[in-house]
1. What distance in nm separates the simple spin-label points at Ser123 and Asp108, each placed 7 Å from Cα in the Cβ direction?
2. How far is the Cα center of the stretch 89-110 from the Cα center of the stretch 1-46, in Å?
3. With +1 on the Cβ of every Lys and Arg and -1 on the Cβ of every Asp and Glu, and nothing else charged, how large is the dipole of the stretch 5-113 about its Cα centre, in debye rounded to the nearest 20?
4. Please give the length that would be gained between Asn87 and Gln1 if that part of the chain were fully extended, namely 0.36 nm times their separation in residues minus their C-alpha to C-alpha distance (nm, one decimal).
5. Run through the stretch 1-97 and list the GluC sites (Glu not before Pro) located in a DSSP loop whose Cβ has at most 12 other Cβ atoms within 10 Å.
6. Could you give the nm distance between label points at Phe100 and Asp73, where each point is 7 Å from its Cα heading toward the beta carbon?
7. Which residue fluctuates the most in the chain, going by a Gaussian network model with Cα springs under 10 Å, if the choices are Leu86, Leu99, Leu11?
8. Calculate the spin-label point distance for Ser25 paired with Ala40, positioning each point 7 Å from the Cα along the beta-carbon direction, and give it in nanometres.
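Every read-out reported here was derived from the displayed coordinates using simple, explicitly stated rules and does not represent laboratory data. Small disclaimer: the values here were computed from a predicted structure and weren't measured. Don't worry about glycine lacking a Cβ; one is built from the backbone with ideal geometry, like all the others, and counts go over all protein chains shown.
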Amino acid sequence: QLQLVESGGGLVQPGGSLRLSCAASGFTLNAYATGWFRQAPGKEREGVSCINSSGSNTNYADSVKGRFTISRDNAKNTVYLQMNSLNPEDTAVYYCATLFGRCSGYADSYHYWGQGTQVTVSS
């Protein structure tokens, strides 16, 4: 069965860090570009980061550039999002998703989605 599962979210204080994981089963993640998206209440889902199938190219939204890092661990069939220097504006449900092709910042481009993991940044 094909599955894409996010984990690693939680409650963190401003300035703290979290590492989100996107684990795939039933297919091989390194055959796909994998993106991270987030959605806060009342707001549209926005692209955060993406890594291409080989891991050689990464993309970041301006709002997270320099703070977040996306990476692959092919042996674990997992993509990570390391989030540092978190602030309350980062609070959202974070989703990972895959597409067969180039990285895209548009949610409609992605074929498979995980269930999401909540990230809350608050004192």
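1. Distance between label points: 4.2 nm.
2. The stretch 89-110 and the stretch 1-46 have Cα centres separated by 9 Å.
3. Numbers: 9 positive and 8 negative charges, 43 e Å.
Roughly 200 debye for the stretch 5-113.
4. Full-extension gain reported as 27.3 nm.
5. On the way: sites: Glu6, Glu44, Glu46, Glu89; in loops: Glu44.
Here the sparse-neighbourhood loop sites are Glu44.
6. Label-label distance for Phe100 and Asp73, simple model: 2.8 nm.
7. Of Leu86, Leu99, Leu11, the most mobile in the Gaussian network model is Leu11.
8. Rounded to a tenth, the inter-label distance reads 3.4 nm.
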